[in-house]
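Student: If you scroll down you'll find the structure; I have some questions about it.
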Ligand code: AMP
Ligand code: ZN
């Protein structure tokens, strides 16, 4: 397993947390503050601060990560859903360990998803 970044919440969670799903190198957990009926986070075990640093993953790892996002969505019962990575504080990133939000509702009712927030102060 890659070395954890000291003091990183998601590095701790990928080692000790309760998972919705797990595959080699990646876990999915329920968001503690869900913004939709279903709101899970897909987190790589490897600590990478943000999506900006995606090149630190090998191409095979990136492919497996995205496939896991789709697999997790399916496993938690979603057909229509939104996948979001907030990149940087002005885009809403609060935890600086790359993660993918997967949001949706089990009946596929899109109106239950939050509106996309306009970022006006970049
Ligand atoms: P972001 O704001 O894009 O960095 O997303 C961080 C997400 O992590 C937020 O949606 C939080 O609700 C969620 N979160 C924070 N602490 C925890 C935790 N201990 N377990 C699960 N989700 C968490
Ligand atoms: Zn981390």
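Student: Can you give me the convex hull volume of the Cα atoms of the range 28-99, divided per residue and expressed in Å³? The partial results should precede the final answer.
Tutor: Working: hull volume 6.7 nm³, N = 72.
Convex hull volume per residue, Cα atoms: 93 Å³.
Student: Quickly estimate the mean residue ellipticity at 222 nm for the chain, helices only: each DSSP H run with n ≥ 4 gives -39500 (n - 2.57), and the total goes over all residues, rounded to 500.
Tutor: Helices in the chain give a 222 nm mean residue ellipticity of -6500 deg cm²/dmol.
Student: If the viscosity is 0.692 mPa s and the temperature 37 °C, what Stokes-Einstein diffusion coefficient in µm²/s follows for the chain when Rh is the Kirkwood radius over Cα pairs?
Tutor: For the chosen part, D equals 220 µm²/s.
Student: Using 7 Å Cα-to-Cβ label points, what is the residue 8/residue 87 separation (nm, one decimal)?
Tutor: 1.8
Computed from the coordinates by the stated procedures, all read-outs in this text should not be read as laboratory data. Just so we're clear, the structure is a prediction, and the values are computed from it rather than from any experiment. Backbone-built Cβ (ideal geometry, glycine too); neighbour counts: all protein chains shown.
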